[in-house]
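> Right, I'll just put the structure down here and ask away after.
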Amino acid sequence: MSTYYELLGVPPSASELEIRSAYGRDVLGLQNETSDKVAQFRAALDAAFATLVDPVKRSAYDEALAVAAKNGAAEGSDESDAAFRYALRGGLWFAGGGVLTAATYAFSQGTYLIAWGPLLFGGFQLVRGLLRYLTVPSGARKSSQLAILGGLIALGILCAGFVGVTEGMGAQDSALGTKWNAMIEATGLDVAQANELVIGVANRPGPWDATDSADMAKASALYGRIADAVEASTAPSRLEWYRTGMAKNFRDAAAITHDFSLLTAASPASAFTALDSRWQAFVDEATQLSDRFDTQEGTTTR
């Protein structure tokens with residue numbers, strides 16, 4: 001027992017009667033015991049009883065307990081502060097490594113490996129510091145210290161989580177990019193054939209004839225097949241607008257060439273003029289789409 005009160009099993013506010021009653025009970029319980037440990041315990045009981053039933057001795061003893069408690073609290077606070085500083089250093093390394101990792105990843109196109117060193121070192125130091133801090137009595141831990149450590153841990157985890165999530169999204173976009181490029185390559189021959197058919201009709205001399213209509217019908221089928229492939233594909237998130245624009249563009253080309261295929265030599269000139277205007281609008285839209293893509297991706301190849 002750490003105090004006479006605890007030895008006798010009474011509270012510090014116990015009356016003299018309560019103390020005498022507790023002492024008598026304990027002595028009675030030891031009456032038939034004769035070991036050395038019992039003798040030592042009896043001596044401790046006697047000392048506790050003698051001190052607590054004497055008002056002067058009890059007052060001095062209570063003062064000594066108060067001083068000891070104060071000193072213990074101070075020592076506990078000092079130990080808590082020392083353990084907190086140790087954990088704080090680890091927390092700062094951990095959070096700093098996380099921030100540096102996230103910042104370099106966000107602004108350096110994923111070049112972030114150099115920052116994993118501080119993050120991992122900080123995590124190790126933080127765990128060591130927390131283990132030491134948790135050995136401090138709970139009463140000596142300050143809520144402000146716990147809040148600071150919790151904030152640093154949360155910051156480090158959020159930064160690391162940002163990198164992890166972004167990396168996962170990047171990997172997903174990369175896989176979609178591979179599929180997108182495969183689709184572009186697979187439809188490349190159809191695009192070339194359809195364009196050649198349209199150019200061939202445009203450059204063919206003489207009046208409109210059945211061959212021109214047949215070639216336009218073939219071009220329409222090719223453009224439609226390309227539009228279907230684009231609509232069925234999935235592009236990286238940054239190119240979704242481009243996929244949507246391409247699908248519409250090829251769908252328009254399919255519709256215009258289909259209408260061309262319905263013309264005959266007897267069709268009025270106004271019909272040819274209207275379709276030529278629609279085709280020119282299609283070409284302008286395709287050019288704008290291509291220019292926007294080049295601006296975003298910084299390349300002139302697709």
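Every number in this text was worked out from the coordinates using simple rules, so none of it is lab data. Keep in mind that this is a model prediction, so the values were computed, not measured. Here the Cβ is made from the backbone with ideal geometry for all residues, glycine too, and neighbour counts use every protein chain on show.
> If I model a spin label as a point 7 Å beyond the Cα along the Cα-Cβ vector, how far apart are those points for residue 202 and residue 286 in nm?
0.8 nm
> Using a Cα-Cα cut-off of under 23 Å, which lysines could be cross-linked to residue 218, ignoring same-chain neighbours fewer than 8 residues away?
Cross-link targets: 248.
> Using a cut-off of 13 Å between alpha-carbon atoms, which aspartates and glutamates can reach residue 70, once sequence neighbours fewer than 8 places away in the same chain are excluded?
Excluding near neighbours in sequence, the set is 62, 78.
> Counting Lys and Arg as +1 and Asp and Glu as -1, what is the net charge of the other residues whose Cβ lies under 13 Å from the Cβ of residue 65?
Surrounding charge for residue 65 is 0.
> Next up: How do 57, 248 line up, fewest other C-beta atoms within 10 Å first?
57, 248
> Calculate the dipole size of the stretch 174-297 relative to its Cα centre from +1 charges on Lys and Arg beta carbons and -1 charges on Asp and Glu beta carbons; express the result in debye to the nearest 20.
It works out to roughly 240 debye.
> Where does the chain land at 222 nm, in deg cm²/dmol rounded to the nearest 500, when only DSSP H runs of n ≥ 4 count, each adding -39500 (n - 2.57), divided by all residues?
Computed ellipticity for the chain at 222 nm equals -28500 deg cm²/dmol.
> Which FRET efficiency value, to the nearest 0.05, do you get for residue 40 and residue 17 by plugging their Cβ-Cβ distance into 1/(1 + (r/R0)^6) with R0 = 25 Å?
Calculated transfer efficiency: 0.40.
> Aspartates and glutamates near residue 57 by alpha-carbon distance under 15 Å, same-chain residues fewer than 8 away left out - which ones?
Partners found: 16, 46.
> Please compute the modelled spin-label separation between residue 67 and residue 211, points set 7 Å along Cα→Cβ, answer in nm with one decimal.
12.0 nm
> Under a point-charge model restricted to the Cβ atoms of Lys and Arg (+1) and Asp and Glu (-1), what is the dipole moment magnitude of the chain relative to its Cα centre, in debye to the nearest 20?
740 debye
> Can you put 130, 17 in order of Cβ neighbours within 10 angstrom, beginning with the fewest?
17, 130
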